[in-house]
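See below for the structure under consideration.
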Amino acid sequence: PSVFFALLVITVSFLPIFALEETEGRLFKPLAFTKTYAMGFAAILSVTLTPALAALLVRGHIRREEDHPVQRLLMRAYGPVVRWVVQHRVAVIAAALLLLATTIPVVARLGSEFMPPLDEGTLLYMPVAPEGISMTAAAAVLQRMDRELREIPEVTRVFGKIGRADTPTDPAPLSMVETVIQLAPRESWRPGLTPAELVEEMDAKLDYPGMPNLFWMPIQTRTEMLATGFRSRLGVKVFGPDAVSIEQASIELERILEALPATRSAVAERLSGGFYLDIRTDREAVARHGLRVGDVHEVIETAIGGREISQVVAGRERYPISVRYARDFREDPSAIERALVATPAGAQVPLGQLATLEFAMGPPFVRSEAGQLVGYVTVDAGDQPIVDYVRDAEQALRDALVLPVGVRVEWAGQFQHYERARDRLAWVVPVTLLVVALLLYLNTRSLVETLIVLLAVPFSLIGAFWLLFALDYHLSIGVGVGLIALAGLDAQTGVVMLLYLKLAHAERLQAGRLRTGLDLEEAIVEGAARRIRPKLMTVAAMTAGLLPLLWSSGVGADLMKRVAAPMVGGLASSFALELLVYPALFALWKSRSLAVTANPNLQGETK
């Protein structure tokens, strides 16, 4: 039953992952389903097939555990240790609590982010050109950027693009640069050079006035643009009643964020950077010639925009036929003014006599969300975790940003994903821990034993957080998934350790050999030291399965390392807890029973 419930606890511990939504849910639910199916069937097989196979296959003389050469070696090393632990149980528990307290500053120094940056082997360089840049200037700047990037030794190829391709699926403006930088294998880089340092070198080399830099990964950029609309991990949405107030607030926001030390670039959308030709109809002049305003608009549509007059039918294919003026008759305002409008009397009146033509500035595009106009401010936070960056940025905005009436700001990008996952896990994880505690209680029928097993969870965090700190990893959803999995593994190993301690204690109690503190010490040494080999095999097998993830490389390895790191570090610290603190807690608990046995007057009070 203990093995069955231990596997069941691991299965239940993955419930918080099923509660994740959208991006994080699609990423981690396949892992949770696989783990749940495996552990669920393992729990069933542990009480059905495994006993049957043991009865069928185990034959002849069975060597005692104490006769195993590895077990004898482990007992000689661990026996004196566990005996010392039982004798100094209070000091051991106090030292463990002190070690747990020293982990708090380490946790405080870990940054927080939604997902770690994935090393795709390529970079996407996306500076923003000024609105209204000409094609000639854009091409010259793009070629110069490509040449400078190619001079970096770690860069093998550069593919630059500015504006949109000849396809309706890529509605990029001429101000949008997309340059894919293909990098050489990491082994051929300059010694000691990290990806972050390489990006910083590129950022310093590509210094073009009015064109702030933005670096990210190509695949991750595309998926993030589809999910959030931003070209970076982080952005700010500025909501307001009109384009003028939104642009004013966005530019001020850009100025404040650029002053932060961690900001690599902050780019606010200019909502007044579009060039337009306004044709304003003179209604009095139109009326004098016996025309309607619609007659003038039809000429404008036909002469400049083009009007569909028919279709070409070729089998199942249909091609529209549009007519408009040739380019020479519509390429400048003076030519458009000479467009002729036919009157009912048959006269041909130039458009310039019926309307006024003038150039004007206006929004190049209009965004709306939640029933309001919205502008985007794209932020490149560099190497700082986005959650820490937002915390510092919000303080700076509270001190310096004054918003126009009716304007509000909202953080977007991966920070929105982080908040959604954090809020969901904030109530799902405690509920899951309650379910795990209920399962442990149903197995042990003892509140004390349940609490002892659950103590493995906080103590396992010691190794988990220290290893994250040593590897310079930030807290993320991937790390959270690893910690959730670690909680289930801790409960499993804790149940196994407590099982052997209980068996040794019950055997001596039934035989009448548990009357003094020395008898209790021998029982704990027998349960802990004489069964250390299967416990060590359990933890070693788990760790051996996780180490390949921790040492993996390639696309996607950055995320899996964050999942495996807390599990590897946590298993190490939780196993040390089980070898040292569990015997001390068990001795402290069962010594009370010895006191009751020695003094029968305390039995009622203890119950």
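The values are calculated or read from the model by the stated rules, or taken from the named source; none is laboratory data. Predicted model only: the values in this text are computed from it and were never measured. For neighbour counting, all protein chains shown are included, and Cβ atoms are generated from backbone atoms with ideal geometry for every residue, glycine included. Calculation scope for accessible area: heavy atoms of the full protein, side chains included, ligands and nucleic acids excluded. Shrake-Rupley method; radii C 1.70, N 1.55, O 1.52, S 1.80 Å.
Would you mind stating whether residue 48 is more than 31 Å from the chain's Cα centre (by Cα), open to solvent by 30 Å² or more (accessible area, probe 1.4 Å) and of a type in the set (Ser, Thr, Tyr)?
Spelling it out, residue 48 is indeed more than 31 Å from the chain's Cα centre (by Cα), open to solvent by 30 Å² or more (accessible area, probe 1.4 Å) and of a type in the set (Ser, Thr, Tyr).
Selection of helices (runs of 4 or more DSSP H) fully inside the range 1-68 by the criterion of at least 2 residues being more than 24 Å from residue 444 (Cα to Cα) and touching a helix residue (DSSP H, G or I) at 6+ places or on another chain (Cβ under 7 Å) returns 15-18, 22-46. For residue 236, the conditions (1) at pLDDT 90 or above; (2) open to solvent by 30 Å² or more (accessible area, probe 1.4 Å) are fulfilled apart from (2). All but one of (1) under 29 Å from residue 470 (Cβ atoms); (2) modelled with pLDDT of 80 or more hold for residue 559; state the number of the condition that does not hold. Only one criterion in (1) under 29 Å from residue 470 (Cβ atoms); (2) modelled with pLDDT of 80 or more is unmet by residue 559, namely (2).
Considering 286, 296, the condition of being among the hydrophobic types (A, V, I, L, M, F, W, C), out of contact with any strand residue (DSSP E or B) (no Cβ under 7 Å at 6 or more places or on another chain) and farther than 30 Å from residue 200 by Cα is satisfied by 286 alone. Open to solvent by less than 30 Å² (accessible area, probe 1.4 Å), closer than 19 Å to residue 12 by Cβ and of a type outside the set (S, T, N, Q), is that true of residue 453? Considered against the rule, which asks whether it is open to solvent by less than 30 Å² (accessible area, probe 1.4 Å), closer than 19 Å to residue 12 by Cβ and of a type outside the set (S, T, N, Q), residue 453 comes out as yes. Applying the condition of being within 51 Å of the chain's Cα centre (by Cα) and under 18 Å from residue 339 (Cα atoms) to the range 278-326 and asking which residue is least open to solvent (accessible area, probe 1.4 Å) yields 306.
Looking only at the range 438-447, count how many residues are touching a residue at least 40 places away in the same chain (Cβ under 8 Å) and either open to solvent by 60 Å² or more (accessible area, probe 1.4 Å) or outside any helix (DSSP H, G or I) (or both). Residues in the range 438-447 being touching a residue at least 40 places away in the same chain (Cβ under 8 Å) and either open to solvent by 60 Å² or more (accessible area, probe 1.4 Å) or outside any helix (DSSP H, G or I) (or both): 1 in total. Among the residues of the range 368-406, the ones that are open to solvent by 20 Å² or more (accessible area, probe 1.4 Å), in contact (Cβ under 8 Å) with a residue 60 or more places away in the chain and of a type in the set (D, E, K, R) come to 4 in all. Does residue 61 meet the test of being open to solvent by 70 Å² or more (accessible area, probe 1.4 Å) and more than 45 Å from the chain's Cα centre (by Cα)? The answer is yes for residue 61. Of the residues 483, 501, the single one that is open to solvent by less than 50 Å² (accessible area, probe 1.4 Å) and either in contact with an Asp or Glu (Cβ under 7 Å, 6 or more places away or on another chain) or more than 23 Å from residue 77 (Cα to Cα) (or both) is 483.
Over 26 Å from the mean Cα position of the chain (by Cα), in contact (Cβ under 8 Å) with a residue 60 or more places away in the chain and surrounded by fewer than 17 Cβ atoms within 10 Å (Cβ to Cβ): which single residue out of 496, 435, 525 fits that description? It would help to see each step written out before you state the result.
Numbers: 496 fails: surrounded by fewer than 17 Cβ atoms within 10 Å (Cβ to Cβ); 525 fails: surrounded by fewer than 17 Cβ atoms within 10 Å (Cβ to Cβ).
435 is the lone residue from the list that is over 26 Å from the mean Cα position of the chain (by Cα), in contact (Cβ under 8 Å) with a residue 60 or more places away in the chain and surrounded by fewer than 17 Cβ atoms within 10 Å (Cβ to Cβ).
Quick check on the range 550-571. Is at least one of its residues in a helix (DSSP H, G or I), over 30 Å from residue 220 (Cα atoms) and among the aliphatic types (A, V, I, L, M)? Yes - at least one qualifying residue is present in the range 550-571. Can you tell me which residue in the range 194-211 is nearest to the chain's Cα centre (by Cα), limited to those that are of a type outside the set (D, E, K, R), farther than 14 Å from residue 148 by Cα and open to solvent by 40 Å² or more (accessible area, probe 1.4 Å)? This residue is 195. Listed by first and then second residue, the pairs with beta-carbon distance under 7 Å, at least 6 apart or on different chains, first residue in the range 240-266 and within 23 Å of residue 204 (Cα to Cα), second assigned to a helix (DSSP H, G or I) and of a type in the set (Ser, Thr, Tyr), are 262/389. Scanning the range 548-556 turns up no residue that is more than 30 Å from residue 115 (Cα to Cα), open to solvent by less than 50 Å² (accessible area, probe 1.4 Å) and touching a residue at least 12 places away in the same chain (Cβ under 8 Å). Exactly one residue among 430, 458 is within 30 Å of residue 501 (Cα to Cα) and without any contact (Cβ under 8 Å) to a residue 40 or more places away in the chain, and that residue is 430. Do we find a residue being without any contact (Cβ under 8 Å) to a residue 40 or more places away in the chain and either open to solvent by less than 70 Å² (accessible area, probe 1.4 Å) or in a helix (DSSP H, G or I) (or both) anywhere in the range 348-367? Scanning the range 348-367, I find at least one residue that is without any contact (Cβ under 8 Å) to a residue 40 or more places away in the chain and either open to solvent by less than 70 Å² (accessible area, probe 1.4 Å) or in a helix (DSSP H, G or I) (or both), so the answer is yes.
Residues checked against (1) on the phi > 0 side of the Ramachandran plot; (2) of a type in the set (Asp, Glu):
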position	(1), (2)
313	no, no
317	no, yes
347	no, no
364	no, no
371	yes, no
379	no, no
384	no, no
393	no, no
401	no, no
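Among the residues making up the range 239-277, a single one is surrounded by 24 or more Cβ atoms within 10 Å (Cβ to Cβ) and of a type in the set (Ser, Thr, Tyr): 250.
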